[in-house]
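K.L.:
Here it is, the structure, as structure tokens.
Throughout, read-outs are computed from the coordinates displayed, never taken from laboratory work. Everything quoted here is computed from the prediction, not taken from an experiment. Every residue, glycine as well, gets a Cβ built from its backbone with ideal geometry; the counts of neighbours run over all protein chains shown.
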């Protein structure tokens, strides 16, 4: 099934890379930015990258608010700083919202996960609290922007871990994971487990720095 996907923060590396992957496999994508004039040239760059790809979906640029209009799925690919304020401005009622936001901190010792709501919350849960009429799912936290923008048709050595409380919404996002890895995402449990998934990204960044690579997550035993 093909979806209309709004990527909020679609001009950043993660948002652009995910937008490219979704469009590459037939979905219609609107890259959002605070200003439409910033999103339009990035959409053109992605469209150019898709030249010659059979069945690719259309990619356009718009303001964040306009990108949400008519979207089946809204992906939040935004920094954690300013996250709550931005989410509050978006029309997200009755929409599946995917959060790949990673609240991270950096100091002399390297990356670490930031504590959200005293350890009893996450960016994904904050989005659900603010956009109470939406259905929030956490996913795509651990995919490198570099590999997303790479040449491989699928990142088939990785798994997409998906958490959420709405079964139907989670199933849609697990299906969307096929655009990235070539197979369904892994049902990793309830939305509150985003508290573990989001800071795990800091571990991958540390691995990447030490081994000069772009690591991901793969689940064995399935």
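K.L.:
From (1) in contact (Cβ under 8 Å) with a residue 60 or more places away in the chain; (2) farther than 21 Å from residue 173 by Cβ, pick out the condition that doesn't hold for residue 15.
P.N.:
(2)
K.L.:
Working only within segment 179-193, note down all residues that are under 14 Å from the mean Cα position of the chain (by Cα) and farther than 13 Å from residue 3 by Cα.
P.N.:
Result: 180, 181, 185.
K.L.:
Among the numbered conditions (1) closer than 25 Å to residue 181 by Cβ; (2) without any contact (Cβ under 8 Å) to a residue 40 or more places away in the chain; (3) part of a strand (DSSP E or B), tell me where residue 106 comes up short.
P.N.:
(1)
K.L.:
For the list (1) in a helix (DSSP H, G or I); (2) touching a strand residue (DSSP E or B) at 6+ places or on another chain (Cβ under 9 Å); (3) surrounded by fewer than 19 Cβ atoms within 10 Å (Cβ to Cβ), I need the number of the one condition that residue 124 fails.
P.N.:
(3)
K.L.:
On the basis of being surrounded by fewer than 21 Cβ atoms within 10 Å (Cβ to Cβ), out of contact with any helix residue (DSSP H, G or I) (no Cβ under 6 Å at 6 or more places or on another chain) and within 20 Å of residue 169 (Cβ to Cβ), does residue 66 make the cut?
P.N.:
no
K.L.:
Picking from 7, 29, 40, 73, which residue would you name as being more than 23 Å from residue 88 (Cβ to Cβ), crowded, with 20+ Cβ neighbours inside 10 Å, in contact with a strand residue (DSSP E or B) (Cβ under 7 Å, 6 or more places away or on another chain) and touching a residue at least 12 places away in the same chain (Cβ under 8 Å)?
P.N.:
Exactly one of 7, 29, 40, 73 is more than 23 Å from residue 88 (Cβ to Cβ), crowded, with 20+ Cβ neighbours inside 10 Å, in contact with a strand residue (DSSP E or B) (Cβ under 7 Å, 6 or more places away or on another chain) and touching a residue at least 12 places away in the same chain (Cβ under 8 Å), namely 29.
K.L.:
Among the listed residues 145, 131, 188, identify the single one that is closer than 26 Å to residue 85 by Cβ and either surrounded by fewer than 15 Cβ atoms within 10 Å (Cβ to Cβ) or touching a strand residue (DSSP E or B) at 6+ places or on another chain (Cβ under 9 Å) (or both).
P.N.:
Every option except 131 fails the conditions.
K.L.:
Sticking with this structure for a sec: Please work out which residue is surrounded by the most Cβ atoms within 10 Å (Cβ to Cβ), limiting yourself to segment 150-170 and to residues that are touching a helix residue (DSSP H, G or I) at 6+ places or on another chain (Cβ under 9 Å) and within 17 Å of residue 53 (Cβ to Cβ).
P.N.:
Checked segment 150-170; the qualifying residue surrounded by the most Cβ atoms within 10 Å (Cβ to Cβ) is 155.
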